[in-house]
Amino acid sequence: MTHKNSKRPNTSPKNRSNGNTRRRPSNGSKKPPVKPEDVKIVLFNKPFDVLCQFTDDQHRKTLADFIDVKSVYAAGRLDRDSEGLLLLTNCGKLQHKLTEPKKNTDKTYWVQVEGVPDEQPLEMLRKGVELKDGMTKPAKVEVIDEPDIWPRNPPIRERKNIPTTWLSITISEGRNRQVRRMTAHIGYPTLRLIRYSIGKYTLSGLNNGQYKVLQPNKV
């Protein structure tokens, strides 16, 4: 079932301080594992400029402005200036599987970069590049046609007479702003970044700002 929030976000201090802060259970929690039939998975197409949390004392847009499912927590994060697939669940085991680096869960991004990279810089990404926090693992990289997607609000800032290129980049790591740092390293800064998939889960059928709750047999 797909949902879209049609209400205007209420960001008054009164509504932000009602004690409904949604926190991830601590590692020391004695809560029993979630039964398979009780597992919840929410797929959300996060818009630009939305925080991957349910509360914010600066009254910026958060997940609470779009998602009204209780007791789910983000499995991994997506930067405020990035868009696309965010997965939320009540299952700690699934969260761990999707976010633990050793699990090597593939995540695919559609990336609009400034300029037109040739094969040499793209091959650097495929082999791994040296960032400040070490070498990246080899990525899957290919040039793609511009995806049929929603317009970003606000639009990206394009420079006149400088073309842009769309890339599909698949990585299995989750370093902070990794894809943006990778494309900057090869000389082609990221203008727009959209996460298309996390493992087997994708944006398919989700408009920007919408979410859907998977049925138990689809988890």
Fill in: Checking G174 against (1) on the phi > 0 side of the Ramachandran plot; (2) open to solvent by 20 Å² or more (accessible area, probe 1.4 Å); (3) in contact (Cβ under 8 Å) with a residue 12 or more places away in the chain, the condition it does not meet
(1)
Worksheet, complete the sentence: Note: among G134, G115, just one is under 15 Å from R180 (Cβ atoms), open to solvent by less than 80 Å² (accessible area, probe 1.4 Å) and either at pLDDT below 95 or not hydroxyl-bearing (S, T, Y) (or both), namely G115
Practice prompt. Please tell me if E142 is exposed (fewer than 14 other Cβ atoms within 10 Å of the Cβ), in contact with a Ser or Thr (Cβ under 7 Å, 6 or more places away or on another chain) and under 14 Å from L122 (Cα atoms).
Written response: yes
Item to complete: State whether one or more residues within segment 205-215 are surrounded by fewer than 17 Cβ atoms within 10 Å (Cβ to Cβ), among the hydrophobic types (A, V, I, L, M, F, W, C) and within 20 Å of D106 (Cβ to Cβ).
Response: yes
Discussion item. Under 6 Å between Cβ atoms, which residue pairs at least 6 apart in sequence (or on different chains) link something in segment 179-197 that is under 24 Å from A75 (Cα atoms) and touching a residue at least 60 places away in the same chain (Cβ under 8 Å) with a partner that is assigned to a helix (DSSP H, G or I) and of a type in the set (D, E)?
Written reply: none
Worksheet item: Considering only residues of segment 92-112 that are charged (D, E, K, R) and at pLDDT 90 or above, which is surrounded by the most Cβ atoms within 10 Å (Cβ to Cβ)?
Response: K107
Worksheet item: Would you call P151 open to solvent by 30 Å² or more (accessible area, probe 1.4 Å) and part of a loop (DSSP other than H, G, I, E, B)?
Response: yes
Worksheet item: Of the residues K140, K160, K102, which single one is free of Cβ contacts under 8 Å to residues at least 40 places away in the same chain and either in contact with a His (Cβ under 7 Å, 6 or more places away or on another chain) or within 20 Å of H185 (Cα to Cα) (or both)?
Response: K140
Practice prompt. Just need a number here: residues in segment 41-91 that are in contact with a Leu (Cβ under 7 Å, 6 or more places away or on another chain), part of a loop (DSSP other than H, G, I, E, B), at pLDDT below 95 and closer than 23 Å to K200 by Cβ.
Written response: 5
Worksheet item: Conditions: (1) over 16 Å from Q112 (Cβ atoms); (2) open to solvent by less than 20 Å² (accessible area, probe 1.4 Å). N161 meets all but one. Number of the miss?
Response: (2)
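The values are calculated or read from the model by the stated rules, or taken from the named source; none is laboratory data. Just so it is clear, the structure is predicted and the values come from calculations on it, not from any experiment. Heads up, the Cβs are rebuilt from the backbone with ideal geometry, glycines too, and the neighbour counts pull from every protein chain shown. The protein model used for the area step is the full one, side chains on, heavy atoms only, and it has no ligands, DNA or RNA in it. Shrake-Rupley method; radii C 1.70, N 1.55, O 1.52, S 1.80 Å.
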